[in-house]
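Remarks on the structure that follows.
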Amino acid sequence: MIAMNSFWLTLSTSVPVPKDLPLPLPLPEWLLILILVVSFLAHLVFVNLMLGGTLLSLWAQIRGLKDKKFDGLAKEIAATITVNKSIAVVLGVAPLLSINVLYTLYFYSANALTGLVWIAVIPLVAIAFLLTYLHKYTWKLFEKNKAVHISILAVATAILLFIPFIFLTNINLMLFPEKWGVIKGFLSAMTLPNVFPRYFHFIFASIAVTGLFLFWYMSRKSYPFEQVLPGFERYQIQKMGYSLALIASIGQMLIGPIVLFTLPSKGISWTLILVIFFGVALALPAMWMMWKGLQAPKQEIGKNFYKVVMLMSITVIFMGSGRQIYRANALEPHQKLVKLRTEEFENRKREILENKKQEELVENSKELSVADLGKKVFNQYCAACHKEKEMLIGPPVTEMGEIYINNKTALVQWIKSPGKKRENAPQMPGFPQISDDDMNKLTEYILTINNE
């Protein structure tokens with residue numbers, strides 16, 4: 001226990017260790033973690049499609065300035081962006097709520113430290129979404145002014161590239177409480193070693209997912225390819241989608257080790273290494289199948305497409321699970337310190353409240369004892385002739401209290417050996433038999449009754 005306290009004191013001098021609010025979770029922790037991982041991966045797929053689609057549409061429209069058929073391709077891809085955007089927003093609610101519940105202290109600390117840039121996410125998202133709709137529905141309006149039309153999409157693309165960077169910087173910062181003391185806003189948070197490698201890994205993922213989506217979307221038998229995209233062969237688009245997915249996957253493979261090596265070692269474990277290994281092991285055959293498809297005859301390019309999608313999907317699940325494993329490992333030591341600080345605070349608060357309650361009970365006990373016992377003596381000896389506030393045979397107790405308010409000794413003497421003061425009232429008999437203790441209680445009751 002001494003060693004633990006020493007460790008806590010040492011670490012708490014360099015790492016902020018606030019107390020937490022010990023509120024119960026609305027669901028079992030394991031279920032919330034499952035919801036977080038699954039819902040975040042579903043959300044991320046459509047974020048990838050939204051961003052990748054925007055990048056691809058921008059590229060195709062720029063190329064369409066010289067080759068008209070690419071302008072048609074850009075239009076078709078742009079039509080999917082707003083749909084994928086809407087699905088991404090809806091699917092983003094569950095992971096956002098889950099991470100708020102599971103990691104409230106860490107998530108909001110990172111929010112506060114990234115300040116205005118984090119708050120800017122809301123207006124930036126609104127502006128980007130409005131620009132994508134403006135671009136989608138003004139294709140004919142700006143048909144002869146492509147520079148303006150492309151500029152609209154370019155601004156939307158720039159914003160959509162920046163928003164994930166803000167989220168990633170924020171999520172990265174929440175994992176490292178030891179950095180909170182030196183972070184001075186968003187610019188210093190984005191310079192943490194792991195931010196840029198993770199961001200480029202995310203960009204490659206967006207391109208890879210969009211490449212596979214493009215392959216599937218344009219390969220559907222119900223899709224009127226020749227009518228919508230004159231000048232293209234379906235095989236050309238399929239090849240383009242596979243090529244994008246393969247090149248981006250290779251990019252992820254190259255940058256993956258950098259992401260891993262730039263992560264602070266505190267969150268690395270053998271479990272994490274194994275999860276990443278299995279994810280990579282499943283991605284490699286998928287990449288091989290894409291390569292073989294690109295080398296195969298036209299009619300066989302999509303032969304293994306669904307196997308590729310399945311293997312890549314499982315890889316994504318492994319990578320998402322690895323992210324949660326690292327998060328749990330990285331935050332566990334700090335969570336233990338917060339738990340200790342919270343328990344210490346709760347114990348101290350409980351002790352103070354109990355002491356206060358005890359003091360109040362003692363104080364009330366004293367007051368009740370004097371009042372109750374004094375009234376008891378009064379009822380025994382005096383109630384036959386006196387009432388508290390009304391004239392009976394003798395004057396009311398309130399009048400006695402006013403007469404002897406500052407002279408308890410005189411009141412005691414009068415009770416023990418009274419005289420006759422009122423012509424219309426009989427003389428009060430003396431009560432020398434009342435003990436000093438009872439007399440003290442009786443006179444205290446008489447003198448304090450006006451204060452009740």
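Using only Cα atoms, what is the ratio of the radius of gyration of the chain to 2.2 N^0.38 Å?
Details: Rg = 39.7 Å, N = 452, 2.2 N^0.38 = 22.5 Å.
Normalised Cα radius of gyration, the chain: 1.77.
Only Cα pairs under 8 Å and 6+ residues apart enter the sum, and on that basis the relative contact order of the chain stands at 14 percent.
Only four residue types carry charge here, +1 at the Cβ of Lys and Arg and -1 at the Cβ of Asp and Glu. Report the dipole size of region 2-345 about the Cα centre in Debye, rounded to the nearest 20.
Around 880 debye, computed over region 2-345.
Atom-type composition of the exposed protein surface of region 247-373 places 65 percent of the accessible area on carbon and sulfur (1.4 angstrom probe).
On a 1.4 Å probe surface of the protein chains, which of D20, D71 comes out largest in accessible area, and what is the full order?
Descending accessible area places them as D20, D71.
With every protein chain present, what is the per residue accessible area of the chain (1.4 Å probe, Å²)?
Numbers: 25150 Å² over 452 residues.
Here the per-residue accessible area is 56 Å².
With respect to the cross-link table entries K85/K146; K69/K221; K85/K298; K349/K376; K66/K140, which display a Cα-Cα separation exceeding 29 Å?
The answer is K85/K298; K349/K376.
Farthest towards the positive end of the charge dipole of region 370-451, among the residues L392, V377, A425, is the Cα of A425, using unit charges on the Cβ of Lys, Arg, Asp and Glu. Calculated [222 nm] ellipticity per residue, helices only, for the chain: -26000 deg cm²/dmol; basis is -39500 (n - 2.57) per DSSP H run with n ≥ 4, divided by all residues, nearest 500. Please work out whether region 128-262 counts as rounded, prolate or oblate from its C-alpha gyration tensor, where a ≥ b ≥ c are the square roots of the eigenvalues and a/c under 1.5 means rounded, while otherwise a/b larger than b/c means prolate and anything else oblate? Oblate. Just name one of F345, V309, H43: the one whose Cα is farthest towards the positive end of the charge dipole of the chain (beta-carbon charges, Lys/Arg +1, Asp/Glu -1). Of the candidates, V309 comes out farthest on the positive side. Overall, the accessible surface of region 130-171 at a probe of 1.4 angstrom is composed of carbon and sulfur to the extent of 73 percent.
Quick one, can you get me the convex hull of the C-alpha atoms of region 1-160 expressed as volume per residue in Å³? Convex hull of Cα atoms, per residue: 151 Å³.
For the peptides 300-310, 137-147, the ranking by mean Cβ contacts within 10 Å, running from highest to lowest, is 300-310, 137-147. Relative contact order, whole percent, for region 283-362 stands at 22, derived from Cα pairs under 8 Å and 6 or more residues apart.
Protection proxy ranking for 72-85, 264-277, 97-110, using the average of other Cβ atoms within 10 Å per residue and placing the highest first: 72-85, 97-110, 264-277. With the simple spin-label model, which puts each label point 7 Å out from Cα in the Cβ direction, the I119 to L23 separation comes to 2.2 nm. For the peptides 336-342, 58-64, residues were scored by their other Cβ atoms within 10 Å and the scores averaged per peptide; the highest-first order is 58-64, 336-342. For region 370-451, relative contact order (Cα pairs under 8 Å, six or more residues apart, normalised by length) works out to 41 percent.
The largest-to-smallest principal axis extents of the Cα set in region 192-261 are 50, 18, 16 Å.
Full extension of the chain segment joining K266 with A425 gains 48.0 nm, where the gain is 0.36 nm per residue of separation less the Cα-Cα distance.
For region 391-440, rounded, prolate or oblate, judged on the Cα gyration tensor with a ≥ b ≥ c (square roots of eigenvalues), a/c < 1.5 rounded, else prolate if a/b > b/c? Oblate, because a/c is 1.5 or more while a/b does not exceed b/c.
Here is the size of region 267-406 from its Cα atoms: Rg then Dmax, 41.4, 123 Å. Rounded to the nearest 20 debye, the dipole magnitude of region 370-451 is 180 debye, with +1 charges on Lys and Arg beta carbons, -1 on Asp and Glu beta carbons, and the Cα centre as origin.
The values are calculated or read from the model by the stated rules, or taken from the named source; none is laboratory data. Predicted model, so just to flag it, every value in this text is computed and none were measured. Ideal geometry is used to build each Cβ from the backbone, glycine not excepted, and the neighbour counts take in all protein chains shown. In case anyone asks, the SASA skips ligands and DNA or RNA and just uses the protein heavy atoms, side chains included. Shrake-Rupley method; radii C 1.70, N 1.55, O 1.52, S 1.80 Å.
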